[in-house]
1. Based on what the data block shows, is Gly29 touching a residue at least 40 places away in the same chain (Cβ under 8 Å), of a type outside the set (A, V, I, L, M, F, W, C) and more than 27 Å from Leu111 (Cα to Cα)?
2. Could you tell me which of the residues Asn40, Asn11 is of a type outside the set (Phe, Trp, Tyr) and open to solvent by less than 30 Å² (accessible area, probe 1.4 Å)?
3. Among the numbered criteria (1) closer than 24 Å to Arg26 by Cα; (2) of a type in the set (Lys, Arg); (3) loosely packed, with under 12 Cβ neighbours inside 10 Å, which one does Arg50 miss?
4. With Val67, Val35 as the choices, which residue is open to solvent by 20 Å² or more (accessible area, probe 1.4 Å), over 17 Å from Ala163 (Cβ atoms) and of a type in the set (Val, Ile, Thr)?
5. Do you know which of the residues in the stretch 146-170 that are of a type in the set (A, V, I, L, M, F, W, C) and more than 18 Å from Trp87 (Cα to Cα) is most open to solvent (accessible area, probe 1.4 Å)?
6. Report, by residue number, each residue of the stretch 171-185 that is modelled with pLDDT under 95 and either open to solvent by less than 10 Å² (accessible area, probe 1.4 Å) or part of a helix (DSSP H, G or I) (or both).
7. Pick from Arg132, Arg188, Arg143, Arg120: which is surrounded by fewer than 17 Cβ atoms within 10 Å (Cβ to Cβ), on the phi < 0 side of the Ramachandran plot, of a type in the set (D, E, K, R) and touching a residue at least 40 places away in the same chain (Cβ under 8 Å)?
8. Got at least one residue in the stretch 198-217 being in contact with a strand residue (DSSP E or B) (Cβ under 8 Å, 6 or more places away or on another chain), surrounded by 15 or more Cβ atoms within 10 Å (Cβ to Cβ) and either at pLDDT 95 or above or among the charged types (D, E, K, R) (or both)?
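The values are calculated or read from the model by the stated rules, or taken from the named source; none is laboratory data. From a predicted model like this one, the values you see are computed outputs, not experimental measurements. Cβ sites come from the backbone with ideal geometry, for glycine too, and all protein chains shown count toward neighbours. Quick note on the areas: whole protein, heavy atoms, side chains included, nothing else; ligands and nucleic acids left out. Shrake-Rupley method; radii C 1.70, N 1.55, O 1.52, S 1.80 Å.
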Amino acid sequence: MAAPLTLVIGNQNYSSWSMRPWVLMRQLGIEFDEVKLRFNSVEWDESIARWSPSGLVPVLWRGQQSVWDTLAIMETLAEWYPGHGVWPADPAARAYARSAAAEMHSGFRDLRSSMPMNIRSSHPATRANIDRIEHLWATARARHGKGGPFLCGAFSAVDAMYAPVVMRFATYAAPLADETARYCEAMRAAPGIRAWVQAALQEKEFVADDEPYATAPV
């Protein structure tokens with residue numbers, strides 16, 4: 001029997017990369033223990049070297065084996081749990097999902113810098129990379145959505161990769177096409193995402209580097 005999984009994450013209000021594998025595993029019913037290392041904290045300073053080979057989060061552990069980097073974690077989960085639908089079963093949908101996930105992984109730098117993830121806040125948005133993302137989503141749903149609410153049919157890794165973008169669109173009140181808005185609504189209703197958001201809303205930490213438009217809460 002496989003050893004239990006442990007996922008090491010950062011603050012749920014801020015850590016977009018941690019959100020992706022957490023939501024994917026929760027949504028697909030892959031059980032795991034959670035270790036949260038809050039940014040700019042004593043626990044981070046004392047524990048990050050123990051938990052993370054790269055000094056970053058997220059990191060997935062199975063026994064003594066660690067996997068770091070969000071996309072690497074997703075690919076590894078697809079190997080460890082081939083029956084859970086980490087990627088779409090259809091080859092064309094899977095190729096599109098992997099390409100869109102990789103583009104999210106390495107691109108959209110303008111969006112990331114102007115719209116950092118902050119679930120507890122609300123700000124007006126700049127357009128940034130929104131048009132490209134809307135095109136990606138609309139194409140995925142038209143070609144591979146199979147009439148379902150998610151990008152390639154059932155919820156999969158590509159949806160998890162874009163979950164923080166859905167949060168950003170809400171935070172910054174981004175003007176969206178109707179089809180995009182419907183997808184965002186379906187994503188926010190997904191149990192795994194609802195669970196992440198609920199945890200984020202309970203956090204009290206203020207990380208100034210991730211809140212360029214905010215002031216510290218009193």
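1. yes
2. Going through Asn40, Asn11 in turn, the sole match is Asn11.
3. The single condition Arg50 does not satisfy is (1).
4. Numbers: Val67 fails: open to solvent by 20 Å² or more (accessible area, probe 1.4 Å).
Among Val67, Val35, only Val35 is open to solvent by 20 Å² or more (accessible area, probe 1.4 Å), over 17 Å from Ala163 (Cβ atoms) and of a type in the set (Val, Ile, Thr).
5. That would be Ala170.
6. Thr171, Tyr172
7. Within the list Arg132, Arg188, Arg143, Arg120, the selection yields Arg143.
8. Scanning the stretch 198-217 turns up no residue that is in contact with a strand residue (DSSP E or B) (Cβ under 8 Å, 6 or more places away or on another chain), surrounded by 15 or more Cβ atoms within 10 Å (Cβ to Cβ) and either at pLDDT 95 or above or among the charged types (D, E, K, R) (or both).
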